[in-house]
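What follows is a single structure, written as structure tokens, with notes after it.
No value in this document is a laboratory result; all are computed from the given coordinates. On a predicted model such as this, the values are computed, not experimentally measured, just so you know. Cβ sites come from the backbone with ideal geometry, for glycine too, and all protein chains shown count toward neighbours.
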Ligand SMILES: [Zn+2]
């Protein structure tokens, strides 16, 4: 739940910082203790990620609500919402960003892809 919410949060912060709508990651995986989103290197400027990471680390300690709700027309279709950002997702999430509390971020850039690894502490 923490990792899943972290991936969404980091994704919307890339959008907020770059000012552009971001496509879904090329790959998104959640393992025991860490999660990875992989993006095309052309999706955004890698240099913004330092700012994104700083903002992410601040936000996961703040009292910020996360809500999920069903689509009014489509059955079994749900949304994730936090800080006025909405992502279609039926997964299970924490109710507040401060439940994540602390995490490390590792960025790797290889084979034309940028990987964002979020490691819970
Ligand atoms: Zn989700």
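Taking the criterion of being within 12 Å of the ligand (Cβ to nearest atom) and within 18 Å of residue 13 (Cβ to Cβ), the residues of region 89-98 that qualify are 89, 93, 94. Here the condition is being surrounded by fewer than 12 Cβ atoms within 10 Å (Cβ to Cβ) and under 14 Å from residue 35 (Cα atoms); of 111, 121, it holds for 121 alone. Which one of 13, 7 is within 13 Å of the ligand (Cβ to nearest atom) and in a helix (DSSP H, G or I)? Step by step, each of 13, 7 is checked, and only 7 is within 13 Å of the ligand (Cβ to nearest atom) and in a helix (DSSP H, G or I). Restricting attention to region 1-37, the residues that are in contact with a helix residue (DSSP H, G or I) (Cβ under 9 Å, 6 or more places away or on another chain), in contact (Cβ under 8 Å) with a residue 40 or more places away in the chain, crowded, with 16+ Cβ neighbours inside 10 Å and farther than 13 Å from residue 53 by Cα total 6.
Taken together, the residues in region 57-72 that are away from the ligand (no atom under 16 Å from the Cβ) and in contact with a helix residue (DSSP H, G or I) (Cβ under 7 Å, 6 or more places away or on another chain) amount to 4.
Residue count for region 73-87, restricted to those that are touching a residue at least 24 places away in the same chain (Cβ under 8 Å) and within 13 Å of the ligand (Cβ to nearest atom): 4. Could we say that residue 27 is over 21 Å from residue 66 (Cβ atoms) and within 16 Å of the ligand (Cβ to nearest atom) here? Judged against the criteria, residue 27 is a match.
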